[in-house]
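For reference, the structure discussed in these notes is given below.
Since every read-out is calculated from the coordinates, none of them should be taken as a lab result. Keep in mind it's a predicted model, so treat the numbers as computed, not measured. FYI the Cβ positions are ideal-geometry reconstructions off the backbone, even for glycines, and counts take in every protein chain you see.
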Amino acid sequence: TEILNIKKIRADFPILAREVNGKPLVYFDNGATSQKPQQVIDVIDKYYTFQNSNIHRGIHTLSQEATDAYEKARITVQNFINAKHEHEVIFTSGTTGSINLVASSFAKKHLNKGDEIIISTMEHHSNIVPWQMVCEDYGAILKVVPINDKGEFLFEEFEKLLSDKTKLVAVTHVSNTLGTINPVKEIIKKAKAIGAFTLIDGAQAVPHKKVDVQELDCDFYVFSGHKMLGPTGVGILYGKEAILNSLPPYQGGGDMIKTVTFEKTTYNELPHKFEAGTPNIVGGIALAAAIDYMNNIGIHNIEAYEHELLTYATEKIKQIEGLRIIGEAKQKASVLSFVVDGTHPSDIGMIIDKLGVAIRTGHHCTEPLMNRLNVPGTARASFAFYNTTEEIDIFIEGLKRAIKMLV
Ligand code: PMP
């Protein structure tokens with residue numbers, strides 16, 4: 001029983017038809033960025049060909065059309081994550097942009113000497129460094145929830161770290177390196193119980209599973225367009241209305257103001273208060289096209305199909321001697337990290353690239369996690385719903401060849 005019409009889906013992604021090093025491309029680096037369907041590429045092309053104009057300021061037709069399309073895109077995002085209000089959806093440059101926005105504005109309002117921010121061992125650098133920076137500026141302390149050897153969040157250790165000093169808990173929904181799905185709903189509930197704010201890094205969750213921000217009840221939820229079929233340079237910050245209203249703006253400039261005089265400036269309402277300057281207009285519009293595409297397939301179908309791919313690949317890869325899977329959480333998204341005795345991950349990556357297979361190798365912007373797991377880096381295959389078991393077979397054969405050459 002086919003969950004997806006995979007042949008039809010693959011035909012929507014023109015890049016999947018190309019060859020790399022004389023072989024059909026097998027693209028397993030979806031954790032880094034996803035490929036784009038023709039439907040998204042067409043929206044970008046159409047925008048620059050027929051619609052290009054600046055938004056929120058023009059009286060003329062093109063500007064109004066662009067503004068309408070951009071604001072309609074905001075509603076598409078709102079519905080996709082089930083935000084209560086469209087102005088709770090802030091367009092940013094990406095997950096990194098969203099976290100830096102929150103870190104900066106939140107710290108100004110709430111962070112004092114001796115306060116604590118809690119993150120986890122498996123965070124991406126972009127959910128570590130911005131917090132380190134504000135902790136340094138405000139004399140606050142960063143606390144880190146440990147993980148077990150399988151790469152699972154240790155909930156009891158997390159509970160021990162919570163105290164009346166905890167101002168914010170920022171954890172990833174899904175680990176980009178291990179695929180671990182964290183129990184974010186329970187994490188949020190515990191954090192709220194002691195009065196801490198919560199931010200969830202959804203960069204690796206939104207492309208692969210249903211996310212409902214009201215059900216999660218998080219204060220902030222952030223993700224990137226480019227990992228979910230959209231273009232680079234656009235991302236989302238979801239924040240609860242009252243909290244966003246209470247925070248100071250991040251950057252100053254056009255669009256975020258109500259009135260400006262040299263004596264005093266007043267700020268615009270949500271969402272514009274946090275959207276200074278001309279945004280990535282086409283990025284927002286194309287992100288909505290990407291969401292439409294995913295909705296068409298069905299996020300639950302995507303999740304179920306990718307789970308099958310992960311199970312299939314895990315079974316196959318386990319049979320390779322000397323190979324160790326890194327990250328064996330019970331709840332996992334379609335990420336398969338591994339190391340092979342006596343080889344360096346980048347050598348494996350280089351050899352299978354010659355066979356047309358694209359995987360990522362290295363620390364995956366999670367150096368502290370690599371240190372905790374005692375590996376210098378991993379090789380990582382990350383699957384999307386347009387991948388197939390046939391591609392996994394090609395990858396496994398290539399992997400065996402690479403290991404034979406290297407060991
Ligand atoms: N968090 C996680 C979990 C990620 O996987 C990534 C991207 N690898 C980021 C944050 C940063 O996203 P971006 O580079 O799109 O800002």
### Query
Given charges of +1 on the Cβ of Lys and Arg and -1 on the Cβ of Asp and Glu, with all other atoms neutral, how large is the dipole of the stretch 114-193 about its Cα centre, in debye to the nearest 20?
260
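At a 10 Å Cβ-Cβ cut-off, how would you order Lys185, Lys143, fewest neighbours first? Show your work: numbers first, answer last.
Values: Lys185 15, Lys143 19.
The most exposed by this proxy come first: Lys185, Lys143.
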### Query
To the nearest µm²/s, what D does Stokes-Einstein give for the stretch 109-179 at 37 °C and 0.692 mPa s, using the Kirkwood radius over alpha carbon pairs as Rh?
261
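Just the Kirkwood number for the chain, please: inverse of mean 1/r across all distinct Cα pairs, in Å, one decimal. Before the final figure, lay out the partial values.
Numbers: mean 1/r = 0.0450 Å⁻¹.
It works out to 22.2 Å.
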### Query
If you look at just the Cα atoms of the stretch 155-215, how large are its Rg and its Dmax in Å?
11.9, 35
### Summary
Going residue by residue through the stretch 169-178, the Karplus relation 6.51 cos²θ - 1.76 cosθ + 1.60 with θ = phi - 60° gives ³J(HN,Hα) values, rounded to whole Hz and with x marking Gly or Pro, of 10, 10, 9, 7, 6, 9, 6, 5, 8, 10
## Note on the structure
Note: the stretch 204-350, point scatterers on Cα, Debye, no solvent; log10 I/I(0) at q = 0.11, 0.15 Å⁻¹ equals -0.65, -0.95
### Summary
Volume per residue (Å³) of the convex hull spanned by the alpha carbons of the stretch 1-154 is 237
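Tell me the volume per residue, in Å³, of the convex hull enclosing the alpha carbons of the stretch 231-314. Don't jump to the answer; show the numbers that get you there.
Details: hull volume 12.1 nm³, N = 84.
Hull volume normalised by residue count: 144 Å³.
What number comes out for the charge environment of Pro24, summing +1 per Lys or Arg and -1 per Asp or Glu over other residues with Cβ under 14 Å away?
On the way: positive: Arg10, Arg18, Lys23, Lys354; negative: Glu19, Asp353, Glu390, Glu391, Asp393, Glu397.
It works out to a net charge of -2.
What FRET efficiency comes out for Tyr267 versus Lys72 if R0 is 30 angstrom and r is the Cβ-Cβ distance? Round to the nearest 0.05. Spell out each step's value before the answer.
Values: r = 24 Å, r/R0 = 0.81.
Given R0 = 30 Å and the Cβ-Cβ separation, E is 0.80.
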### Message
Need one number: convex hull volume per residue for the stretch 67-143, Cα atoms only, in Å³.
### Response
116
### Message
Please list, by residue number, everything in the stretch 352-378 whose backbone N is under 11 Å from a paramagnetic label point 7 Å out along Cα→Cβ of Lys318.
### Response
none
### Task
Would you mind giving the average projected area, over all directions, of the Cα convex hull of the stretch 307-407 in nm² with one decimal?
6.2
### Task
Could you please rank Thr388, Thr314, Thr61, Thr92, placing first whichever residue has the fewest other Cβ atoms within 10 Å of its Cβ?
Thr61, Thr314, Thr388, Thr92
### Query
In whole angstrom, and with the biggest value first, how far do the Cα coordinates of the stretch 220-267 range along each principal axis?
44, 23, 12
### Summary
1/(1 + (r/R0)^6) with r = Cβ-Cβ of His60 and Arg18, R0 = 41 Å, i.e. FRET efficiency to nearest 0.05, evaluates to 0.55
### Summary
The rounded separation in angstrom of the Cα centers of the stretch 115-150 and the stretch 339-366 is 28
